[in-house]
Each structure stands twice: as structure tokens, then as C-alpha cells.
Amino acid sequence: MKILVAVKRAVDAKVKVRPLPDNSGVDLKLAKMAMNPFDEIAVEEAVELREAGKVDEVVAVTVGPLKSVDTLRVAMAIGADRSIHVKTDAVVEPLGVAKILKTIVEREQPDLILLGKQAIDDDANQTGQMLSALCDMPLGTFASEIDLVDGRWLVTRETDAGTQTVSLAAPAVVTADLRLAEPRYVTLPSMAKARKKPVETIELETLGLDVAPRLRVLSVEQPPARKAGVMVSSVDELIEKLKNEAHVI
């Protein structure tokens with residue numbers, strides 16, 4: 001049994017990003033980068049499944065520039081056995097990432113492909129769904145629990161109405177939600193061990209895929225400043241303002 005976990009190098013969740021002076025994009029020149037939090041959850045869950053004896057190997061994969069290897073090192077420090085780096089300096093959109101992952105899936109033949117439900121930089125929430133369609137595999141999104149029962153993946157999903165449990169034939173694609181697992185603290189000794197684990201590098205150009213962007217960014221701007229709140233002296237005044245000023249009731 002093998003799990004392939006896709007991870008992405010993104011802006012640290014604690015960093016406040018700003019647009020470039022010409023509003024052509026986000027200024028990342030000095031921004032602290034880290035593993036996408038939902039991908040970190042996916043790695044932790046994969047490692048926990050291996051530690052429970054449900055799977056034998058966890059392989060991390062990422063798409064991005066040379067510095068993305070740091071993200072793979074963190075995944076291996078958490079517990080991934082080895083990793084694959086598809087190297088490119090170009091911006092790759094979700095469909096392009098799904099195409100790249102499909103080629104890795106065909107080569108690695110994993111029993112489960114785990115991804116974060118979305119990346120916190122673009123919030124696209126598309127790669128897992130697109131990968132499932134391209135690979136013609138069953139899909140479980142927004143997973144809060146995963147188990148292997150009689151050779152099938154039992155996935156509990158977060159939905160607007162509560163939770164839903166689905167049984168997926170292997171291999172399957174699953175995207176991790178916030179409550180799936182709590183990532184362990186990465187220690188210096190675990191990072192030192194991760195440096196001894198193998199990282200395979202694949203140049204994107206050698207895959208022969210069309211990953212050209214389909215979208216064009218028109219402008220990136222700061223959100224407008226929020227108006228100051230208003231104190232009211234009574235419930236009647238609150239209702240009056242909600243009705244006649246905010247027009248929400």
C-alpha cells in the first residue's frame with residue numbers, strides 16, 4: 001500500500017501579503033514561505049496511516065521552483081519516506097498541476113492520492129477534483145476522517161449539512177479538511193533525518209505536458225478599509241438601523 005501526497009509551497013499563513021506597486025500581482029519577494037497548511041494536514045494523515053500499519057510507504061510530491069525542495073524536506077521530516085520534485089519556475093494553475101500529478105500517479109501507482117482541499121494563496125479548491133477526473137478515480141473531498149476497511153477507503157466528509165461517509169475503491173483521490181489531523185511539531189533532529197531521504201527531481205519540460213496558463217490576472221488590489229462600527233443604545237435603535245440603513249431585515 002502506497003500513499004502519494006501532493007504538497008505546495010505557499011506564503012506562510014501568518015504573513016500579510018500586499019499587491020505589487022503596479023497591481024499586477026502579489027509581492028512575494030520578501031514573504032516568508034511554508035507548506036500549505038491543508039497539505040501539511042494531508043501529510044500528517046498519511047504518516048499516521050502508515051504508523052497504524054494501514055500503508056507501507058508515503059511519497060510526497062510538489063511542483064515548483066528549486067526552493068520547493070524545502071517544502072519536501074518538511075514533509076519528510078513529518079514522516080514521508082521519499083519525495084518527488086517536478087521542477088519549474090513557471091506559475092502552474094490547478095489544471096496544469098493536475099496534469100503533472102496524473103503522470104506521477106501513472107508512474108507510482110499509489111493506492112491513495114492525498115491533497116489539501118485548497119491552497120491558501122489562490123483558494124482555488126480545484127486540483128483534487130481535476131486530478132480525480134483525469135485519472136478516472138473516485139473522489140472524497142473535505143475529508144475529516146480516513147480509514148482503510150476491507151481494501152476500500154472509508155472517508156468521512158465535511159458538508160454544509162453535517163458529515164457524510166463514503167466508501168471509495170482504491171485507488172482514490174481524497175482532499176484533506178482542517179479536522180483530518182493535527183500536524184506534529186517538526187524538530188531539528190527530524191529535519192536532519194529528512195536531509196538523508198531521497199528527493200527525485202524531474203524537469204517539467206521532460207513530461208511533454210501543456211500546462212500553459214488559462215487565466216490572466218487583470219489587477220490585484222488591497223480590500224477596501226472596513227467602516228468603523230456604530231454603538232447603539234437600545235435594541236429598538238439596532239433594529240431601526242438594520243432595517244433602514246443596512247437593509248438586512
Extension gain from residue 230 to residue 218, taking 0.36 nm per residue of separation minus the Cα-Cα distance: 0.8 nm
With charges set only on the Cβ (+1 for Lys and Arg, -1 for Asp and Glu), what does the dipole of the chain come to about its Cα centre, in debye to the nearest 20? 740 debye
Name the residue, out of 43, 105, 15, whose mean-square fluctuation peaks in a Gaussian network model built on the chain with Cα pairs under 10 Å. 15
Compute the acute angle (0 to 90°) between the alpha-carbon long axis of helix 37-51 and the principal axis of greatest extent of the alpha-carbon atoms of the chain; round to the nearest 10°. 40 degrees
Using a 1.4 angstrom probe, figure out how much accessible area the chain has per residue, in square angstrom, rounded to the nearest whole. 57 Å²
What pairs from 14/117; 67/102; 99/193; 16/241; 14/102 go past 28 Å between their alpha carbons? 99/193; 16/241; 14/102
What does the charge dipole of the stretch 1-104 about its Cα centre add up to, to the nearest 20 debye, if the Cβ of each Lys and Arg holds +1 and the Cβ of each Asp and Glu holds -1? 300 debye
Share of the chain's accessible area from carbon and sulfur, percent, 1.4 Å? 54 percent
For 182, 108, 200, 51, what's the largest-to-smallest order of accessible area, 1.4 Å probe? 182, 51, 200, 108
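Looking at the square roots a ≥ b ≥ c of the eigenvalues of the Cα gyration tensor of the stretch 78-137, which shape do they give, rounded for a/c under 1.5, prolate if a/b is larger than b/c, or oblate?
Because its axes are fairly even, with a/c under 1.5, the stretch 78-137 counts as rounded.
Over the chain, calculate the relative contact order: mean separation of alpha carbon pairs under 8 Å at least 6 apart, over the residue count, as a percent. Show your work: numbers first, answer last.
Working: 490 pairs, mean separation 58.9, N = 249.
Once divided by the residue count of the chain, the mean separation gives 24 percent.
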Lys/Arg Cβ at +1, Asp/Glu Cβ at -1, dipole of the chain taken about the Cα centre: which of 79, 228, 20 is farthest positive-ward? 20
Choice from 45, 57, 205 showing the highest fluctuation, given a GNM over the chain with Cα pairs closer than 10 Å: 205
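Under 1.5 on a/c is rounded, so check that first for the stretch 174-230, then, if it is not, pick prolate when a/b is larger than b/c and oblate when it is not; a ≥ b ≥ c are the square roots of the alpha carbon gyration tensor eigenvalues. Display every interim value, and only then the final one.
Details: a/c = 2.60, a/b = 1.27, b/c = 2.05.
Verdict is oblate for the stretch 174-230.
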Can you tell which of 132, 149, 218 lies farthest toward the positive end of the dipole of the chain, using +1 and -1 charges on the Cβ of basic and acidic side chains (Lys, Arg; Asp, Glu)? 218
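Just want to confirm a number: the relative contact order over the stretch 10-120, from Cα pairs under 8 angstrom separated by 6+ residues, in percent.
Details: 132 pairs, mean separation 32.8, N = 111.
Reported as a whole number, the value is 30 percent.
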Let me check something: with ligands and nucleic acids excluded, how do 221, 203 order by accessible area (1.4 Å probe), largest to smallest? 221, 203
When the helices in the chain are scored as -39500 (n - 2.57) per DSSP H run of 4 or longer and the sum is shared across all residues, what 222 nm value do you end up with, to the nearest 500 deg cm²/dmol? -8000 deg cm²/dmol
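Explain nothing, just the number: dipole magnitude of the stretch 71-212 about its Cα centre with +1 on each Lys and Arg Cβ and -1 on each Asp and Glu Cβ, in debye rounded to the nearest 20. Please list the in-between numbers first.
Values: 15 positive and 21 negative charges, 141 e Å.
Dipole about the Cα centre, nearest 20: 680 debye.
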Computed accessible area, residue 28, all protein chains, 1.4 angstrom probe, square angstrom: 80 Å²
Among 23, 125, 36, residue whose mean-square fluctuation peaks in a GNM of the chain (springs only between Cα atoms under 10 Å): 23
Just check the stretch 136-217 against the gyration tensor rule for me: Cα atoms, a ≥ b ≥ c as the square roots of the eigenvalues, rounded for a/c under 1.5, and otherwise prolate or oblate depending on whether a/b exceeds b/c. oblate
Two pseudo-spin positions, 7 Å from Cα along C-beta at residue 16 and at residue 245, lie apart in nanometres by 2.6 nm
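Nearest-5 percent of antiparallel DSSP beta bridges in the stretch 1-112? Kindly include the intermediate steps, with their values, before the conclusion.
Details: 4 of 16 bridges.
About 25 percent, rounded to the nearest 5.
The values are calculated or read from the model by the stated rules, or taken from the named source; none is laboratory data. Just so you know, these numbers come straight off a predicted model, no measurement behind them. When we count neighbours, we look across all protein chains shown, and the Cβ atoms used for this are built from the backbone with ideal geometry, even at glycine. Note: areas computed on protein heavy atoms with side chains; ligands, DNA, RNA excluded. Shrake-Rupley method; radii C 1.70, N 1.55, O 1.52, S 1.80 Å.
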